[in-house]
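The values are calculated or read from the model by the stated rules, or taken from the named source; none is laboratory data. Quick caveat: nothing in here was measured; it's all calculated off a predicted structure. Quick reminder, even Gly has a Cβ in these numbers, built from the backbone with ideal geometry, and neighbours come from all protein chains shown. Protein only, heavy atoms only, side chains kept; ligands, DNA and RNA dropped before computing areas. Shrake-Rupley method; radii C 1.70, N 1.55, O 1.52, S 1.80 Å.
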Amino acid sequence: MGTIYINGKWSDAADGSTIDVFNPSTGEEFTTISRGKSEDIDRAVLAANQALDGEWGRLTATERGRLLCRLGQVILDNAEDLAQIEARDTGKPLTVARNDVKVVARYFEFYGTAADKIHGQTIPYLDGFNVSVVRVPHGVTAHIIPWNYPAQMLGRTIAPALAMGNAAVLKPSEDACLSSIRIAQLFDEAGFPAGSFNLVTGYGHEAGAALTSHPKINFATFTGSPEVGVMVQEATARNHVPCVLELGGKSPQVVFNDADLDKAAPQIVKAIVQNAGQTCSAGSRLLIQEDIYDKFMEKVARLFNEVRVGTPEMDLDCGPIVSAKQQKRVQNFIDEAAASGVEVIAKGSISPDAPADGYFVAPVLFGKVPRDHRLACNEVFGPVLSAMSFKDEADAVALANGTEFGLAAGVWTENGSRQARLARKIIAGQVFINCYGAGGGVELPFGGMKKSGHGREKGFLALEEMSTTKTVVQNFNG
Ligand code: NAD
């Protein structure tokens, strides 16, 4: 069966071409997906446009919300199947995949129950006039997602778009899209009208580029690398289409000398090894006040040395990297940093039972990383934590803000005034105080500052992004 889902029907790519899919835990090819291209994107965008004029476009907000909630339940009914698919496709531990599936269901429930709670405004104007500002969908929305949390990303971007009455076309990552295919089947089961949700599998430079430059889309969201983000922004700009970009990060964990160190250490380790570091908001820089640097590093190193890597079924702390290409990239980062003299303080271990051809990388904690080192500034997107020290609060802020990214940050201190100052001064879309992790918080607006992107997903703000307004001025003077 083809893996392209358009207008409620499954098909192969128009030219019949396919892409091989590999199991990251074993390196073995195990299935293929359809390699959609511009002809397939044309069909998907046409179907979405027709859905807006058809049954889907006629539903009330409450009816759309009910459908979304029903899909949330259908996802939960199929949770184990979806978790197994996600784990095999991405390599993530089964416990993590199971949790991801719960989060997807939650996105559909959250936005399903919110669908009829986004209201417009009335504006007092001239005598004899009614003015209302109505919130309306963009129309056809284009969604491009990466491979690290494919199921969660689908829920995060598609649920608010459909809640607002758009018709969506999704282009998931060629490196992990099997859960998207399964969820598309569940859209059918939940009873969504044909064309409201469409899925085209394929490569970014083919299907992705065709989608973002398609003249009949009205809005685009992209989650992925800063480099591709630029291409998407250029394509949508030429198309006069607004876009939301969620790009990378180099998020700091700032630990002051009055922090509860025993509470902080395990959460800081988890925030970088989770999903093998392939999390855009991973806490990848550890900034420690200099007078507790050695003491705290000892705690973190002890935990880091205990991190175990294996297959999804082994269900350890982390799984493999998603693809051979990414594994090589991450390992190069580690090898080059070590060769340049940056000190390896601790290292997790790959289980001896893990298949030799899997794309595994042992997590590494680097110490005293020079502030201008590549490791301190660039996103690795792997299980690599770079520790540095700072002198005082001003130095901590300068260091925290010292990269071109601004996605998330963690602050660890018991001093309430300092918590408030840091929350204000750190430039990031999310600041966590004595905790860390956006993960499942579907209610929490999420997105970047600086080169981490623009626009917001999650929470109610996503509903605003996924819609626009129309001002209606009615003259009722005789
Ligand atoms: P990527 O940018 O290579 O690919 C992301 C998606 O874009 C994929 O579906 C890909 O097929 C598509 N794509 C590629 N070229 C395209 C083009 N020319 N036009 C349109 N679409 C195109 O990123 P990746 O390798 O899948 O993911 C890793 C990167 O994504 C990391 O840098 C990470 O920080 C970032 N990321 C960010 C977030 C976030 O929410 N901010 C979440 C996950 C990943």
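The set of residues from segment 390-409 being assigned to a strand (DSSP E or B) and either in contact with an Asp or Glu (Cβ under 6 Å, 6 or more places away or on another chain) or within 16 Å of the ligand (Cβ to nearest atom) (or both) comprises 408, 409.
The residue that is nearest to residue 160 (Cα to Cα), counting only those in segment 248-272 that are open to solvent by less than 10 Å² (accessible area, probe 1.4 Å) and within 16 Å of the ligand (Cβ to nearest atom), is 248. Scanning segment 423-461 for residues that are within 13 Å of the ligand (Cβ to nearest atom), assigned to a loop (DSSP other than H, G, I, E, B) and closer than 20 Å to residue 242 by Cβ returns 429, 445, 447, 448, 449, 455, 456, 458.
Residue 108 meets each of the listed conditions (1) surrounded by fewer than 23 Cβ atoms within 10 Å (Cβ to Cβ); (2) more than 16 Å from the ligand (Cβ to nearest atom) apart from (1). Counting only strands (runs of 3 or more DSSP E) wholly contained in segment 1-88, the ones carrying 3 or more residues that are of a type outside the set (A, V, I, L, M, F, W, C), open to solvent by 30 Å² or more (accessible area, probe 1.4 Å) and not assigned by TED's automatic domain parsing to the domain that holds residue 309 occupy 28-34. Of all the numbered requirements in (1) in contact with a strand residue (DSSP E or B) (Cβ under 6 Å, 6 or more places away or on another chain); (2) more than 21 Å from residue 409 (Cα to Cα); (3) surrounded by 21 or more Cβ atoms within 10 Å (Cβ to Cβ), residue 245 misses one, and that requirement is (2). Scanning segment 212-221 for residues that are open to solvent by less than 10 Å² (accessible area, probe 1.4 Å) and either within 7 Å of the ligand (Cβ to nearest atom) or not small (Gly, Ala, Ser) (or both) turns up 212, 217, 219, 221.
Every condition in (1) within 16 Å of the ligand (Cβ to nearest atom); (2) more than 19 Å from the chain's Cα centre (by Cα) is met by residue 414 except one, and the failing one is (1). How many residues, within segment 362-410, are farther than 24 Å from residue 328 by Cα, open to solvent by 10 Å² or more (accessible area, probe 1.4 Å) and touching a Ser or Thr at 6+ places or on another chain (Cβ under 8 Å)? Within segment 362-410, residues that are farther than 24 Å from residue 328 by Cα, open to solvent by 10 Å² or more (accessible area, probe 1.4 Å) and touching a Ser or Thr at 6+ places or on another chain (Cβ under 8 Å) number 1. For residue 152, the criteria (1) within 10 Å of the ligand (Cβ to nearest atom); (2) within 18 Å of residue 232 (Cβ to Cβ) hold in every case but one, which is (2).
Within segment 174-190, the residues that satisfy the criterion of being within 16 Å of the ligand (Cβ to nearest atom) and open to solvent by 10 Å² or more (accessible area, probe 1.4 Å) are 174, 175, 178, 181.
So in segment 111-127, with the set limited to residues that are charged (D, E, K, R) and more than 20 Å from residue 192 (Cβ to Cβ), which one is most open to solvent (accessible area, probe 1.4 Å)?
The qualifying residue most open to solvent (accessible area, probe 1.4 Å) is 127.
Is it the case that residue 209 is in a loop (DSSP other than H, G, I, E, B), in contact (Cβ under 8 Å) with a residue 12 or more places away in the chain and open to solvent by 20 Å² or more (accessible area, probe 1.4 Å)? In short, no.
Table: residues versus (1) open to solvent by 10 Å² or more (accessible area, probe 1.4 Å); (2) over 27 Å from residue 100 (Cβ atoms); (3) in a loop (DSSP other than H, G, I, E, B).
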{"position": "134", "(1), (2), (3)": "yes, yes, no"}
{"position": "147", "(1), (2), (3)": "yes, no, yes"}
{"position": "152", "(1), (2), (3)": "yes, no, no"}
{"position": "160", "(1), (2), (3)": "no, no, no"}
{"position": "192", "(1), (2), (3)": "yes, no, yes"}
{"position": "201", "(1), (2), (3)": "no, no, yes"}
